[in-house]
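For reference, the structure discussed in these notes is given below.
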Amino acid sequence: MKSTKMTRNLIFFLAGVLSLMWLYPFILIFINSIKTKGEIFSNTLFWPENLTTENYPAAFEDLDYVKSFLNSFVITAVSVVLIVFFTSIAAYALSRNKRKSSSIIYFLCALTMLIPFHSIMIPLVELFGEVNMLNRTGLIFMNLGFSTSLSVFLFYGALRSIPQSLDEAAILDGASPFQIFRYIIFPLLKPTTVTVIILNTIKIWNDYLLPSLVINKDGMHTIPLQMFYFFGQYTRQWHLALAGLVLAILPIIILYMFLQKYIIKGITEGATK
């Protein structure tokens, strides 16, 4: 009994240390975002002696926050909706089709997760440039392509836990394949769907490299692209950059807090079935 209590306390202690290590970078960003530019370099690790909130209005204005937020939001939201729609249907078709070709397509799809983005980055951008797709629409298509493998993998694993007898009963009642998926199967995939939404939203919202190659034009900048202007050739405006970082990650943290209870369940279903 005493040994069990000690083990539990040790687990709580290690969990607390790990949580602090995970939160520490975010705490550091916040406390330095409310310091003056000079104090960031003289007192980086501790609470500010002269607290200021002036960095936030300045960062909000320099980021052109409303426009860059809308650009990020439109690209992220449309990409994620398309990813969920197409990958869930593709995974459903692959999981219910028992032909050998379906298994081959699924494993090829999962195999593409091993291909690093940087190895196809330049040819992909050149290809989209030749068909005049270096714009937000092209970026959304690229996001759909890069996120397909992981999303299909998660949906496919979750679908294998849903009995096929549900499909057969619906067919006897006269339902079409799309009606079966829309009204019976898709609602059962809620935890996996939320996981796919969270993982892809974080990835697309924070992405800098791909948008910098595709939509690096005035009026089309996302928040990560706009953050670049805090770092000039001769100056580094860390006080504004850190305030901008807080403004940039705030929507993702709010979304994560609302949906995080589904993430572990969704990943477990997708990875172990």
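Points worth noting:
- Residue-wise HN-Hα coupling along region 254-260, computed from phi with Karplus coefficients 6.51, -1.76, 1.60 (Hz; x: Gly, Pro): 4, 4, 4, 5, 6, 10, 5
- Site pair residue 252 and residue 188 shows an inter-label distance of 3.4 nm when each label is modelled 7 Å from Cα along Cα→Cβ.
- Length gained on full extension, residue 86 to residue 121: 10.3 nm, using 0.36 nm per residue less the C-alpha separation.
- With Cα atoms defining each centre, region 120-154 and region 37-108 are spaced 16 Å apart in the structure.
- (1) 18.5, 60; (2) 23.0, 73; (3) 20.7, 75, with the label sought being that of the calculated Rg and Dmax of the Cα atoms in Å: (2)
- A simple rule links phi to the HN-Hα coupling: the Karplus curve 6.51 cos²θ - 1.76 cosθ + 1.60 with θ = phi - 60°, which for region 213-219 gives 8, 10, 10, 7, 9, 4, x Hz, with x for Gly and Pro.
- When 167, 62 are compared by accessible surface with a 1.4 Å probe, the order from highest to lowest is 62, 167.
- Per residue, the solvent-accessible area of region 1-69 (1.4 Å probe, heavy atoms of protein chains only, all protein chains present) comes to 77 Å².
- Helix-only arithmetic for the chain: the sum of -39500 (n - 2.57) across DSSP H runs with n ≥ 4, divided by the residue total, places the mean residue ellipticity at 222 nm at -23500 deg cm²/dmol.
- Distance between modelled label sites at residue 65 and residue 103, nm, 7 Å Cα→Cβ extension: 5.4 nm
- Members of 35/217; 203/261; 67/203 lying beyond 24 Å, as alpha-carbon distances in this model show: 35/217
- Stokes-Einstein translational diffusion, region 1-74 - Kirkwood Rh over all Cα pairs, 1.002 mPa s, 20 °C, in µm²/s: 137 µm²/s
- FRET efficiency for the residue 30 to residue 216 pair, using the beta carbon distance and R₀ = 35 Å, is estimated at 0.75.
- Protein accessible area in the chain, 1.4 Å probe - carbon and sulfur %: 69 percent
- For region 111-118, putting each phi into the Karplus relation 6.51 cos²θ - 1.76 cosθ + 1.60 with θ = phi - 60° gives couplings of 5, 5, 5, 7, 7, x, 4, 5 Hz, in residue order, rounded to whole numbers and with x for Gly and Pro.
The values are calculated or read from the model by the stated rules, or taken from the named source; none is laboratory data. Here the structure is a predicted model, which is why all the values come from computation and not from measurement. Using ideal geometry, Cβ is built from the backbone for each residue, glycine included, and neighbour counts are taken over all protein chains shown. Just so you know, the surface numbers come from the protein's heavy atoms only, side chains and all, with ligands and any DNA or RNA stripped out. Shrake-Rupley method; radii C 1.70, N 1.55, O 1.52, S 1.80 Å.
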